[in-house]
Amino acid sequence: MPRANPFQIHGLARGPFFTDRAAELRAAAHALRTPGEKLLVIGPRRTGKSSLLAEAADRARRAGVAVLEADLSTAGTVADVGTRLLDAAVRTLGRRWTDAVSTFAARVTPGVRLVPGPHGLPAASLDVSLRDAPAAEQQRSLETVLDTIADLARAKKRPVAIVMDEFQRIGTVGGEEAEWHLRGVVQRHDAVSYLFAGSELGLIARMTGPGGAFYELLTPLEVGAIEPAHFAAWIDDRMRAVGLRPERGVAEQVLALTGDRTRDVVLLAHHTVEAARATGTRVTAAQVEAAFAAVVAEQDPQWTGRWSELTAGMQQVLRAVAVGAAGLTTAAMRREFGLGPTGTVTNMAAALVARDVLVRDAAAPTGYRFDSPYFRGWVLGRALPDLGRHVPVTATTS
Ligand SMILES: Nc1ncnc2c1ncn2[C@@H]1O[C@H](COP(=O)(O)OP(=O)(O)OP(=O)(O)O)[C@@H](O)[C@H]1O
Ligand SMILES: [Mg+2]
């Protein structure tokens, strides 16, 4: 039987699939063990925040902490947020304390629905009618769930931690009013610790900045790029551990083609292993390039869809960012790509940043780079030929 691919691309990176982050893990696990702590794990998309949260939660559990994990990324109402937390609380605390489930059922209104769930514990939700209830009522239910968790922690004298991934959803679904309400609740809970995380950096900056609901409440913990030399050595080790023989520079090339987002790097490493295994045990630079092109091709429907949502002007800005050698508003670039007046170009670039297609990057020739290296590859391969230009999807220099 072939050995499993040493790079995991679905779900969270755990155990041997997880590398680095020693300091961040220590800080997060410490916060989870310390009642009253309120930590905010913040970082760009696809850097590994959720994986870090899960690893830190495991570590804290081994130290005896009851850790409730709620992922708010799909919540559509404040009631949904309440359900996520209630369900996590019933599953986690119900396992430890037999009276926990009945405590929630007795206290939370308008009603708690319990159905048989996995592992013999009930799956809990707030009454579905609450989703259409007035905002204040939804907030009250969420508050009762959190208060009950805090009261149980105090009564049982055991550390309890609440993890909320993509916590900024509370503002998206409930507006600033729900943000301020959540602040009020979290602020008075000193018997539990809170660990928040999120990737919508603009939104989080507003929520945590002066005048924002979470201003000076949360201790920030930034998760950035894994240090390149460490990452390259790890990629090399993981390949060797399954019997592959990467040529010198293969891991560095994976990094050069993908950039600083953990998931983008691991995705290419994964596909490179697949490509290498098709031919033997050597891993070559050519296979890294072929794997990159294969990922771009595989993601074609996604990028075609993304592209078609943009105006012709924005599309042209993307072509310019993909290959441009100078600032977008320079006369040379505007002439080369027919970009129009500088004000318009600047506005379109800002709109692309707001849509998470581009990120500002002072070190890049145009002042911007693509959020995804694979979207850039797609633009090179599929959209640059519209201008009669042909550049390999793996071209790294702009
Ligand atoms: N510490 C790590 N070591 C190795 N791979 C990692 C690590 N962290 C993340 N990854 C890789 O990145 C992928 C995405 O990780 P994760 O979901 O934790 O990131 P995230 O920052 O929460 O992303 P999102 O912005 O989408 O919420 C994982 O599936 C895994 O392939
Ligand atoms: Mg995440």
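Just one of (1) at positive phi; (2) of a type outside the set (A, V, I, L, M, F, W, C); (3) within 17 Å of the chain's Cα centre (by Cα) trips up GLU216, so point out which.
Single failed check for GLU216: (3).
Pick out the one residue from VAL192, VAL173, VAL185 that is in contact with an Asp or Glu (Cβ under 6 Å, 6 or more places away or on another chain) and at negative phi.
Within the list VAL192, VAL173, VAL185, the selection yields VAL185.
Of (1) open to solvent by less than 50 Å² (accessible area, probe 1.4 Å); (2) more than 13 Å from ligand 2 (Cβ to nearest atom); (3) not assigned by TED's automatic domain parsing to the domain that holds GLY174, ARG14 satisfies all except one. Which?
The single condition ARG14 does not satisfy is (1).
State all residues of segment 210-225 that are surrounded by fewer than 17 Cβ atoms within 10 Å (Cβ to Cβ), in a loop (DSSP other than H, G, I, E, B) and within 16 Å of ligand 2 (Cβ to nearest atom); if no residue qualifies, say none.
GLY224
Just the residues that are among the charged types (D, E, K, R) and not in a helix (DSSP H, G or I), please, taken from segment 177-200. Let's see the steps before the verdict.
Of all residues in segment 177-200, those among the charged types (D, E, K, R) come to 177, 179, 183, 188, 190, 200.
Scanning segment 177-200 gives ARG188, ASP190, GLU200.
I'm told SER73 meets every condition in (1) surrounded by fewer than 18 Cβ atoms within 10 Å (Cβ to Cβ); (2) within 24 Å of the chain's Cα centre (by Cα); (3) in a helix (DSSP H, G or I); (4) in the same structural domain as LEU201 (by TED's automatic domain parsing) except one. Can you identify the failing condition by its number?
(3)
Taking the conditions exactly as written (farther than 17 Å from VAL160 by Cβ, open to solvent by 10 Å² or more (accessible area, probe 1.4 Å) and of a type in the set (Gly, Ala, Ser)), does ALA4 satisfy them or not? Give the steps one after another, and end with the answer.
Details: farther than 17 Å from VAL160 by Cβ: yes; open to solvent by 10 Å² or more (accessible area, probe 1.4 Å): yes; of a type in the set (Gly, Ala, Ser): yes.
For ALA4, the condition - farther than 17 Å from VAL160 by Cβ, open to solvent by 10 Å² or more (accessible area, probe 1.4 Å) and of a type in the set (Gly, Ala, Ser) - is met.
Can you tell me which residue in segment 311-336 is surrounded by the fewest Cβ atoms within 10 Å (Cβ to Cβ), limited to those that are among the aliphatic types (A, V, I, L, M) and without any contact (Cβ under 8 Å) to a residue 24 or more places away in the chain?
ALA312
Given the conditions (1) closer than 26 Å to GLU55 by Cβ; (2) surrounded by fewer than 22 Cβ atoms within 10 Å (Cβ to Cβ), which single one is not true for SER193?
(2) is the only condition that SER193 fails.
Which count do you get for residues in segment 267-291 that are open to solvent by less than 20 Å² (accessible area, probe 1.4 Å) and either at pLDDT below 95 or within 16 Å of ligand 1 (Cβ to nearest atom) (or both)?
Here the count works out to 6.
Matching residues to (1) within 16 Å of ligand 2 (Cβ to nearest atom); (2) in contact with a Leu (Cβ under 7 Å, 6 or more places away or on another chain); (3) at pLDDT below 95:
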| residue | (1), (2), (3) |
| --- | --- |
| ALA150 | no, no, no |
| MET164 | yes, yes, no |
| PHE167 | yes, yes, no |
| THR172 | yes, no, no |
| GLY175 | no, no, no |
| ALA197 | yes, yes, no |
| LEU201 | yes, no, yes |
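May I ask you to say which residue of ARG188, ARG169, ARG154, ARG158 is open to solvent by 10 Å² or more (accessible area, probe 1.4 Å) and within 16 Å of ligand 1 (Cβ to nearest atom)?
Just a single option satisfies the conditions, and that option is ARG169.
Name the pairs: first residue in segment 227-255 and closer than 20 Å to GLY48 by Cα, second residue of a type in the set (S, T, N, Q) and buried (at least 20 other Cβ atoms within 10 Å of the Cβ), Cβ to Cβ under 7 Å, at least 6 apart or on different chains?
VAL254/THR272
Name the residue that is nearest to VAL345 (Cα to Cα), counting only residues in segment 314-325 that are modelled with pLDDT of 95 or more and of a type in the set (Gly, Ala, Ser).
It comes out as ALA320.
Quick test of your reading of the structure: PRO228 fulfils all but one of (1) open to solvent by less than 40 Å² (accessible area, probe 1.4 Å); (2) within 14 Å of ligand 1 (Cβ to nearest atom); (3) out of contact with any Gly (no Cβ under 7 Å at 6 or more places or on another chain). Name the failing condition by number.
Going through (1) open to solvent by less than 40 Å² (accessible area, probe 1.4 Å); (2) within 14 Å of ligand 1 (Cβ to nearest atom); (3) out of contact with any Gly (no Cβ under 7 Å at 6 or more places or on another chain) one by one, PRO228 breaks only (1).
The values are calculated or read from the model by the stated rules, or taken from the named source; none is laboratory data. Treat the numbers as computed from the prediction; the structure is a model and nothing was measured. Glycine also receives a Cβ, built like all others from the backbone with ideal geometry; neighbour counts cover every protein chain displayed. In case anyone asks, the SASA skips ligands and DNA or RNA and just uses the protein heavy atoms, side chains included. Shrake-Rupley method; radii C 1.70, N 1.55, O 1.52, S 1.80 Å.
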